[in-house]
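Q: Next up is a structure, given as structure tokens.
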Amino acid sequence: MPGFNLDKRVRLSIEIALTVSGHSSLRQRQDAEARGLGMSGAEIDAARRGRSFDAWTSIALALAFAARLGDVTGLRSHRGKALSFGMSENICQDIEEIAERVASPQLEPG
């Protein structure tokens, strides 16, 4: 089984999922960036629901949500699943750091 790559598509999927209530200009930027990375409308919609058609990305999203919520039990569970699925410890840490960095959507001046 090939290894998991925390590429731009996965990183953007995490950002989209964690900023679903963001300002419309944020959503437009994310949509444009996602399309530029080759993501389909269905993939973007799935990310907005915190899901993915890709199993690896789904596991990354679950881990990111647990990290964002500070859910220690969920974090432990999702990290264990990610590791058993073949993700490295470093990638798990990167996903958790991305989740922590993605702050609540910042509203742009009106």
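The values are calculated or read from the model by the stated rules, or taken from the named source; none is laboratory data. Values in this document were obtained by computation on a predicted structure and should not be read as measured data. Neighbour counts run over all protein chains shown; Cβ positions are idealised from the backbone, glycine included. These area figures cover heavy atoms from the full protein model, side chains too; ligands, DNA and RNA do not enter into them. Shrake-Rupley method; radii C 1.70, N 1.55, O 1.52, S 1.80 Å.
Q: Would you indicate which of [x] 45, 29, 20; [y] 65, 31, 21; [z] 38, 31, 29 is the value of Cα extents along the principal axes in Å derived from the coordinates of this structure?
A: Computed from these coordinates, Cα extents along the principal axes in Å corresponds to label [x].
Q: Another question, then. Full-extension gain between SER24 and LEU83, please, as 0.36 nm times their residue separation minus the C-alpha to C-alpha distance. The partial results should precede the final answer.
A: Working: separation 59, 0.36 × 59 = 21.24 nm, distance 3.54 nm.
Difference between extended and current length: 17.7 nm.
Q: Same structure again: Of the accessible area of the chain, with the probe set at 1.4 angstrom, what percent is carbon plus sulfur?
A: Percent of accessible area from carbon and sulfur atoms in the chain: 51.
Q: Please calculate how many Å² of accessible area the chain carries per residue, with a 1.4 Å probe and no DNA, RNA or ligand atoms counted. Don't skip to the end; give the middle numbers.
A: On the way: 6370 Å² over 110 residues.
Accessible area per residue, the chain: 58 Å².
Q: For region 1-81, which chymotrypsin sites (Phe, Trp or Tyr not before Pro) are both in a DSSP coil and crowded by at most 12 other Cβ atoms within 10 Å? Mind dumping the intermediate values first?
A: On the way: sites: PHE4, PHE53, TRP56, PHE65; in loops: PHE4, PHE53.
Within region 1-81, the qualifying chymotrypsin sites (Phe, Trp or Tyr not before Pro) (loop, at most 12 other Cβ atoms within 10 Å) are PHE53.
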